[in-house]
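The values are calculated or read from the model by the stated rules, or taken from the named source; none is laboratory data. The model shown is predicted, which means the values in this text are computed figures rather than measured ones. In this analysis, Cβ positions are derived from the backbone assuming ideal geometry, glycine residues included, and neighbour counts consider all displayed protein chains. For the accessible areas, the whole protein counts, side chains as well, though only heavy atoms, and no ligand, DNA or RNA atoms are used. Shrake-Rupley method; radii C 1.70, N 1.55, O 1.52, S 1.80 Å.
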Protein chains: 2
Amino acid sequence: MYYLVVKQFMRTLKNLDAIMGKAQASAEARKFDVNNFCTERLFPDMLPFTAQIRIACDHAKSTAANLAGKEPPKHEDNETTFADLRGRIAKCLGYLETLSAKDFERTTPDTAIKLPDRPGRPGPRLRAEEYLLARQMPNFYFHVTTAYNLLRRGGVEIGKSDYLGTLETIEG
Amino acid sequence: MYYLVVKQFMRTLKNLDAIMGKAQASAEARKFDVNNFCTERLFPDMLPFTAQIRIACDHAKSTAANLAGKEPPKHEDNETTFADLRGRIAKCLGYLETLSAKDFERTTPDTAIKLPDRPGRPGPRLRAEEYLLARQMPNFYFHVTTAYNLLRRGGVEIGKSDYLGTLETIEG
């Protein structure tokens, strides 16, 4: 299951990148700078669009690395433009593409995954199953959806099929 | 895995219900009618809060029923208040609680799941694995997150820990 989820995260990141492409075309047609979206927030004390993309990428990257027992690559949080953010997605996808089903073979539902340390105390540990289903998946889709919502609220013409992408149907 | 995901959807629906409880307390403290949230939308042509809750519930219900090879119960879309919507969540949870791991034992990744018919053509079929990972999970979290975002944008003091709930850590 672990590798399947990583592949699904890759699909969703590709969908998110395509949605950002539509936002660029929309901004161009409406004659404003698409980078204005980078600092958009749904509410003043919420994280801006830029952070939504970074965190979505980081959840995908750390889910894959942790479940494969590897150290995730470090990606600096230094993006200031839409092009930078699409580059961040591409870097994340580049890393995920280096992994294969084999990398996840030794992980069981009970494998302990350690979360990052917090100030003054070590990070807690979760069973792999709990880590994936209760923390990483809801978190990943939370940030992708919030990024989508920011663009959608900004008048970009996107719909659920952009978010889900093309589903593989059974023919016949 | 199927039953685990259903249990996770139940946790998330309970978290969503608790978030709605916080919204009620917040509206009371700020002296406005919490039901005003029911018609809130992020953008004029997006679905309102009420629809986000209904659709989140329906995705949870149909995921469970389809993967268990059962007919989901019909829940009418007639809610007009916050209390009604929390009742809808309770009804959905009531149905999900009737299911157990045993109900999902015969489902394999290749089991065909038929999607609802569309005007003029039959619904496509998806492999259970594709149905769950690529359609139902992203959709479910999409609507829960959008409901959360509507309340959060409305000044309700909620955070990621309300959305995720309490994670089960490994002790020691």
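Couple of notes before you dig in:
- Any chance B:Arg127 is touching a Ser or Thr at 6+ places or on another chain (Cβ under 9 Å), of a type outside the set (A, V, I, L, M) and modelled with pLDDT of 95 or more: yes
- Taking the criterion of being crowded, with 19+ Cβ neighbours inside 10 Å and either among the hydroxyl-bearing types (Ser, Thr, Tyr) or within 12 Å of another protein chain (Cβ to nearest Cβ) (or both), the residues of segment B:43-58 that qualify are B:Thr50, B:Gln52, B:Ile55, B:Ala56.
- All of B:Asn15, B:Asn36 fail the test of being among the polar types (S, T, N, Q) and free of Cβ contacts under 8 Å to residues at least 60 places away in the same chain, apart from B:Asn36.
- Any hit, segment A:121-134, residues being over 28 Å from A:Asn15 (Cα atoms), hydrophobic (A, V, I, L, M, F, W, C) and open to solvent by 20 Å² or more (accessible area, probe 1.4 Å): no
- Matching residues, segment A:24-42, being surrounded by fewer than 22 Cβ atoms within 10 Å (Cβ to Cβ), in a helix (DSSP H, G or I) and hydrophobic (A, V, I, L, M, F, W, C): A:Ala25, A:Ala27, A:Ala29, A:Val34, A:Cys38
- Scanning segment B:18-58 for residues that are closer than 20 Å to B:Leu96 by Cβ and either within 10 Å of the chain's Cα centre (by Cα) or among the hydroxyl-bearing types (Ser, Thr, Tyr) (or both) returns B:Gln52, B:Ile53, B:Arg54, B:Ile55, B:Ala56, B:Cys57, B:Asp58.
- Pairing residues of segment B:59-78 that are more than 14 Å from B:Ser100 (Cα to Cα) with residues that are open to solvent by 40 Å² or more (accessible area, probe 1.4 Å) and of a type outside the set (A, V, I, L, M, F, W, C), at Cβ distances under 6 Å and at least 6 apart in sequence or on separate chains, gives B:Ser62/B:Pro72; B:His75/B:Lys91; B:Asp77/B:Arg54.
- When the test is whether a residue is touching a strand residue (DSSP E or B) at 6+ places or on another chain (Cβ under 9 Å) and β-branched (Val, Ile, Thr), B:Thr80 does not pass it.
Quick grid of which residues meet (1) open to solvent by less than 20 Å² (accessible area, probe 1.4 Å); (2) touching a helix residue (DSSP H, G or I) at 6+ places or on another chain (Cβ under 7 Å); (3) of a type outside the set (Val, Ile, Thr):
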| position | (1), (2), (3) |
| --- | --- |
| B:Pro73 | no, yes, yes |
| B:Glu79 | yes, yes, yes |
| B:Tyr95 | no, yes, yes |
| B:Leu99 | yes, yes, yes |
| B:Glu105 | no, no, yes |
| B:Lys114 | no, no, yes |
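- Given (1) among the hydroxyl-bearing types (Ser, Thr, Tyr); (2) more than 25 Å from A:Gln52 (Cβ to Cβ); (3) free of Cβ contacts under 8 Å to residues at least 60 places away in the same chain; (4) out of contact with any strand residue (DSSP E or B) (no Cβ under 7 Å at 6 or more places or on another chain), index of the condition A:Ser100 fails: (3)
- Unmet criterion (only one of (1) under 21 Å from A:Ala18 (Cα atoms); (2) crowded, with 19+ Cβ neighbours inside 10 Å) for A:Gly87: (2)
- Listed by position, the helices (runs of 4 or more DSSP H) enclosed by segment A:65-172 that each have at least 3 residues that are in contact with a Phe, Trp or Tyr (Cβ under 7 Å, 6 or more places away or on another chain) and at the interface with another protein chain (Cβ under 10 Å from one of its Cβ atoms) are A:137-153.
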